[in-house]
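The values are calculated or read from the model by the stated rules, or taken from the named source; none is laboratory data. In this text, all values refer to a predicted model and were calculated from it rather than measured experimentally. Note that each Cβ is placed from the backbone with ideal geometry, even for glycine, and that neighbours are counted across all protein chains shown. Accessible surface areas use protein heavy atoms only, side chains included; no ligands, DNA or RNA. Shrake-Rupley method; radii C 1.70, N 1.55, O 1.52, S 1.80 Å.
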Amino acid sequence: MAVPALPEWDGDVAAARALQVTLAQQVSLQDELPAPLRYLAGFDVGFEDEGATTRAAAVVLDADTLQPLESQVARIPTRMPYIPGLLSFRELPALLAALDRLERQPDLVFVDGHGIAHPRGLGIAAHFGVATGLPSIGVAKKVLAGQHEPPGPTPGDRSPLRYRGRVIGTVLRSKARCLPLIVSPGHKVSMETAVAQVLRCLRGYRLPEPTRLADRLASRRDTK
DNA sequence: GCGACAG
DNA sequence: ATCTTGTCGC
């Protein structure tokens, strides 16, 4: 039987970039978090079938104990290739599918990737926030845009990430002798709150619990 | 024109 | 991201 043609990406890089500029204007860097934070969530993506399938993982944790309460995995056919700067167009659909499967709606979301620390201010965490209206924070392992001085060696030490004269992120040492993380606001969160929340979620590992747990679910070669 | 470039 | 075992260092 014929395989139904999958809706694919039109390859219009310029149009995608233009859309990012528009969406970036909708990003809010003002704190708009719910009164008592109850549920935190971590999101990450992995691939199967040599990249043909995109697998997104979502984990909801108790905001106070950081204990995982629920987790979901969503799989969808991969639509477009990885293009630096356009990551969200490739991975966001899967992340939204995983979000739909959650029973509890998170109060604050942590996404593996950048928030506003992006050439056009719309990394995947920011795009996720604007698309869902949920407060979000980006936690990346490498710099995409901007420059910075190396942060001190002690956990908690930080250094501003600057791009075109603006501070777009915070290079944070989350664990001794480990490469620092790049933290940036996604949506409805300030730079200060983004860093404070990541610090509050550290439990001895380089990655904060929400992202660490989602990471584990998204890239396990044996998730069935 | 040359290099950089999240996951 | 992904292909992959052992190995160096704290």
Say we look at region A:32-78 and pick out the residues that are part of a loop (DSSP other than H, G, I, E, B) and open to solvent by 80 Å² or more (accessible area, probe 1.4 Å); which of these is nearest to A:LEU199 (Cα to Cα)?
A:ASP64
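Yes/no per residue for (1) within 16 Å of DNA strand C (Cβ to nearest atom); (2) basic (Lys, Arg); (3) out of contact with any Leu (no Cβ under 6 Å at 6 or more places or on another chain):
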position	(1), (2), (3)
A:ARG75	yes, yes, yes
A:ARG79	yes, yes, yes
A:ARG90	yes, yes, yes
A:PRO93	yes, no, yes
A:LEU99	no, no, yes
A:VAL111	yes, no, yes
A:ARG120	no, yes, yes
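Results for (1) under 21 Å from A:VAL189 (Cα atoms); (2) assigned to a loop (DSSP other than H, G, I, E, B); (3) within 15 Å of DNA strand B (Cβ to nearest atom), shown as yes or no for each residue.
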| position | (1), (2), (3) |
| --- | --- |
| A:TYR82 | no, yes, yes |
| A:GLY85 | no, yes, yes |
| A:ALA94 | no, no, yes |
| A:ALA97 | no, no, no |
| A:ALA117 | yes, yes, yes |
| A:VAL130 | yes, no, yes |
Between a first residue in region A:62-83 that is over 30 Å from A:ALA16 (Cα atoms) and a second residue that is open to solvent by less than 70 Å² (accessible area, probe 1.4 Å) and of a type in the set (Val, Ile, Thr), which pairs have beta carbons less than 8 Å apart while being 6 or more apart in sequence or on different chains?
A:PRO68/A:VAL59; A:PRO68/A:VAL60; A:LEU69/A:VAL60; A:GLU70/A:VAL59; A:GLU70/A:VAL60; A:SER71/A:VAL59; A:SER71/A:VAL60
Which of (1) more than 16 Å from DNA strand C (Cβ to nearest atom); (2) open to solvent by less than 30 Å² (accessible area, probe 1.4 Å); (3) free of Cβ contacts under 8 Å to residues at least 40 places away in the same chain is the odd one out, the single condition A:ALA16 does not satisfy?
(3)
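Only one residue in A:PHE89, A:PHE110 is buried (at least 21 other Cβ atoms within 10 Å of the Cβ) and either within 26 Å of A:ALA196 (Cα to Cα) or not β-branched (Val, Ile, Thr) (or both), so which one is that?
Going through A:PHE89, A:PHE110 in turn, just one is buried (at least 21 other Cβ atoms within 10 Å of the Cβ) and either within 26 Å of A:ALA196 (Cα to Cα) or not β-branched (Val, Ile, Thr) (or both): A:PHE110.
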Return the residues of region A:92-107 that are surrounded by fewer than 24 Cβ atoms within 10 Å (Cβ to Cβ) and closer than 24 Å to A:ASP64 by Cα; say none if nothing qualifies.
A:LEU99, A:ASP100, A:ARG101, A:LEU102, A:GLU103, A:ARG104, A:GLN105, A:ASP107
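Quick grid of which residues meet (1) within 18 Å of A:LEU108 (Cα to Cα); (2) within 16 Å of DNA strand B (Cβ to nearest atom); (3) in contact (Cβ under 8 Å) with a residue 24 or more places away in the chain; (4) loosely packed, with under 15 Cβ neighbours inside 10 Å:
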| position | (1), (2), (3), (4) |
| --- | --- |
| A:SER184 | yes, yes, yes, no |
| A:LYS188 | yes, no, yes, no |
| A:THR193 | yes, no, yes, no |
| A:ALA196 | yes, no, no, yes |
| A:LEU202 | yes, no, yes, no |
| A:LEU207 | yes, yes, yes, no |
| A:PRO210 | yes, yes, yes, no |
| A:LEU213 | yes, yes, yes, no |
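Working only within region A:185-224, note down all residues that are hydroxyl-bearing (Ser, Thr, Tyr) and closer than 24 Å to A:GLU32 by Cα.
A:SER190, A:THR193, A:THR211
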Of (1) open to solvent by 50 Å² or more (accessible area, probe 1.4 Å); (2) under 22 Å from A:ILE124 (Cα atoms); (3) within 16 Å of DNA strand B (Cβ to nearest atom), A:VAL167 satisfies every one except (3)
Which residue, of A:ALA126, A:ALA140, A:ALA117, is open to solvent by less than 10 Å² (accessible area, probe 1.4 Å), under 9 Å from the mean Cα position of the chain (by Cα) and touching a residue at least 60 places away in the same chain (Cβ under 8 Å)?
A:ALA126
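Look at A:ALA58 and say whether it is touching a residue at least 60 places away in the same chain (Cβ under 8 Å), farther than 12 Å from A:ILE124 by Cβ, more than 14 Å from DNA strand C (Cβ to nearest atom) and among the aliphatic types (A, V, I, L, M). So that I can check it myself, show each step before the final result.
Numbers: touching a residue at least 60 places away in the same chain (Cβ under 8 Å): yes; farther than 12 Å from A:ILE124 by Cβ: yes; more than 14 Å from DNA strand C (Cβ to nearest atom): yes; among the aliphatic types (A, V, I, L, M): yes.
So A:ALA58 fits the description; yes.
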